Amino acid sequence: GSVFGNVVQAPEDPILGVTVAYNKDPSPVKVNLGVGAYRTEEGKPLVLNVVRRAEQLLVNDLSRVKEYLPITGLAEFNKLSANPAIQENRVATVQCLSGTGSLRVGAEFLAKHYHERTIYIPLPTWGNHPKVFTLAGLSVKTYRYYDPTTRGLNFQGLLEDLNASPTGAIVLLHACAHNPTGVDPTVEQWEQIRQLMRSKELLPFFDSAYQGFASGNLDADAQSVRLFVADGGELLAAQSYAKNMGLYGERVGALSIVCRAADVAGRVESQLKLVIRPMYSNPPIHGASIVATILRDRELYNEWTVELKAMADRIISMRHLLYDALRSRGTPGDWSHIIKQIGMFTFTGLNTEQVAFMTREYHIYMTSDGRISMAGLSSRTVPHLADAIHAAVT
Ligand SMILES: Cc1[nH+]cc(COP(=O)(O)O)c(/C=N/[C@@H](CC(=O)O)C(=O)O)c1O
């Protein structure tokens, strides 16, 4: 028999597996609200016009070659990626394989070079977080974040748990548009979190996967990170261009480690190269070239911000459509969190049985924790979803 005869069938990923199930469903009324990927009003994936324009410029540039990038990636991409959030040169920025790759490289670096092995992640958080950090050799703990009764932030619980954590512990923070809850701290609460973390020398590890999607404005959505950079302290930030530039499959991201001084950042970057080289050697050139082409050109950058705002606005309009549809049906319960939450997702509060019912009877595909990707909705499919929710709760 096979030498792999002992290998057992692995379960589907809780998020990406929803798309696998959706693809298998022959129903004409099926709706995929699982993966956090933007869809247009026509329900189609979107390649931004500005990305098409940048790709055309790249294709027309016959001087471009397909040589290896340095281990740290495309230098111009790194410089431009760090720029919006970090204006100083005390930062080591390396291009990584999108957000996930940036998180993993950062975690592997910390496991090797940082004195504390414990990372505190919010409860709940993106399903892949605990796996990425555990496999990198960190020990994962949680801090209270979401309050199911108010469907808002459990701010007191958050402060208590961070205050009770060991000095120097690593703390994962969603920069904006918390996944899956859609609940973010206010600027004032971020300031309180910053003060507490700095007083306990907790190390911030920001995950920025939706910058521009929460408010539609890149600067507004970077405020949390900038608060921490402004105080001169140290932090890690993982950036993804998957959602805000629609580069999902190009795997474009960056890890930035903000240090006390430029010479420290230089040594940190040299050690990051030792993490990356044996992992995947160097990153892909195409997606990073698209991003650099857009970020370096004022006109392309402005066009990007316009398209980004349009995506964010469409998601917000879906929130209001769904909320109004439930109101008009007299669906029992308070659904105002649908319009209060921000970013790509609504954390509905529906339980696993209700989710299973909606999939079985209405062909609604969503994650079993009750999360709905609002980007997957259109004015055509909102009534169908509202019918499904109404049936599930009555
Ligand atoms: C918070 C967060 N961080 C990082 C990522 C990874 O993104 P990437 O740049 O593609 O490596 C995602 C992806 N989230 C969506 C897709 C996924 O699960 O992979 C999701 O939550 O649906 C996040 O939601």
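The values are calculated or read from the model by the stated rules, or taken from the named source; none is laboratory data. Computed from a predicted model, the values in this text were never measured in an experiment. Quick reminder, even Gly has a Cβ in these numbers, built from the backbone with ideal geometry, and neighbours come from all protein chains shown.
Side notes on the structure shown:
- Given (1) at positive phi; (2) loosely packed, with under 15 Cβ neighbours inside 10 Å, number of the condition THR352 does not satisfy: (1)
- Considering region 107-132, and only residues there that are in a helix (DSSP H, G or I) and either within 12 Å of the ligand (Cβ to nearest atom) or at pLDDT below 95 (or both), the residue that is surrounded by the most Cβ atoms within 10 Å (Cβ to Cβ) turns out to be VAL132.
- Members of region 1-45 that are more than 16 Å from the ligand (Cβ to nearest atom), loosely packed, with under 12 Cβ neighbours inside 10 Å, assigned to a loop (DSSP other than H, G, I, E, B) and not aliphatic (A, V, I, L, M): GLY1, SER2, PHE4, GLY5, ASN6, GLN9, PRO26, SER27, PRO28, GLU42, LYS44
- One residue alone among ALA392, ALA388, ALA375 is closer than 19 Å to HIS337 by Cα, touching a residue at least 12 places away in the same chain (Cβ under 8 Å) and touching an Asp or Glu at 6+ places or on another chain (Cβ under 8 Å), and that residue is ALA388.
- Of note, SER256 satisfies the criterion of being under 30 Å from ASN49 (Cα atoms), more than 15 Å from the chain's Cα centre (by Cα), within 15 Å of the ligand (Cβ to nearest atom) and hydroxyl-bearing (Ser, Thr, Tyr).
- Residue in region 53-67 that is assigned to a helix (DSSP H, G or I), without any contact (Cβ under 8 Å) to a residue 60 or more places away in the chain and loosely packed, with under 11 Cβ neighbours inside 10 Å present: yes
- Of the residues making up region 365-394, those that are within 16 Å of the ligand (Cβ to nearest atom), of a type in the set (A, V, I, L, M, F, W, C) and out of contact with any Gly (no Cβ under 8 Å at 6 or more places or on another chain) are ILE372, MET374, LEU377.
- Meets criteria (away from the ligand (no atom under 16 Å from the Cβ), of a type in the set (Val, Ile, Thr) and crowded, with 22+ Cβ neighbours inside 10 Å) for VAL225: no
- Test: TYR248 is within 15 Å of the ligand (Cβ to nearest atom), under 30 Å from ALA310 (Cβ atoms), surrounded by fewer than 22 Cβ atoms within 10 Å (Cβ to Cβ) and under 15 Å from the mean Cα position of the chain (by Cα): yes
- Within region 360-394, tally of residues that are assigned to a helix (DSSP H, G or I), farther than 20 Å from THR181 by Cβ and touching a strand residue (DSSP E or B) at 6+ places or on another chain (Cβ under 6 Å): 1
- Scanning region 316-337 for any residue that is closer than 19 Å to LYS44 by Cβ and free of Cβ contacts under 8 Å to residues at least 12 places away in the same chain turns up at least one such residue.
- Scan of region 235-245 for residues that are part of a loop (DSSP other than H, G, I, E, B) and either away from the ligand (no atom under 12 Å from the Cβ) or among the charged types (D, E, K, R) (or both), ordered by number: LYS243
- Residue within region 380-387 that is over 20 Å from GLY43 (Cβ atoms) and either touching a His at 6+ places or on another chain (Cβ under 7 Å) or surrounded by fewer than 17 Cβ atoms within 10 Å (Cβ to Cβ) (or both) present: no
- Residues of region 17-58 that turn out to be of a type in the set (A, V, I, L, M, F, W, C) and closer than 26 Å to SER289 by Cα, as a count: 10
- If the condition is being part of a strand (DSSP E or B) and buried (at least 22 other Cβ atoms within 10 Å of the Cβ), then region 156-208 contributes ILE170, VAL171, LEU172, LEU173, HIS174, PRO204, PHE205, PHE206, ASP207, SER208.
- Residue count for region 215-234 under the criterion of being assigned to a loop (DSSP other than H, G, I, E, B) and touching a strand residue (DSSP E or B) at 6+ places or on another chain (Cβ under 7 Å): the result is 1.
- Answer from ILE15, ILE71 - the residue that is among the β-branched types (Val, Ile, Thr) and within 27 Å of GLU307 (Cβ to Cβ): ILE15
- Restricting the first member to region 213-230 and to residues that are of a type in the set (Ser, Thr, Tyr), and the second to residues that are surrounded by fewer than 22 Cβ atoms within 10 Å (Cβ to Cβ), the beta-carbon pairs closer than 6 Å and six or more apart or on different chains are SER224/TRP190.
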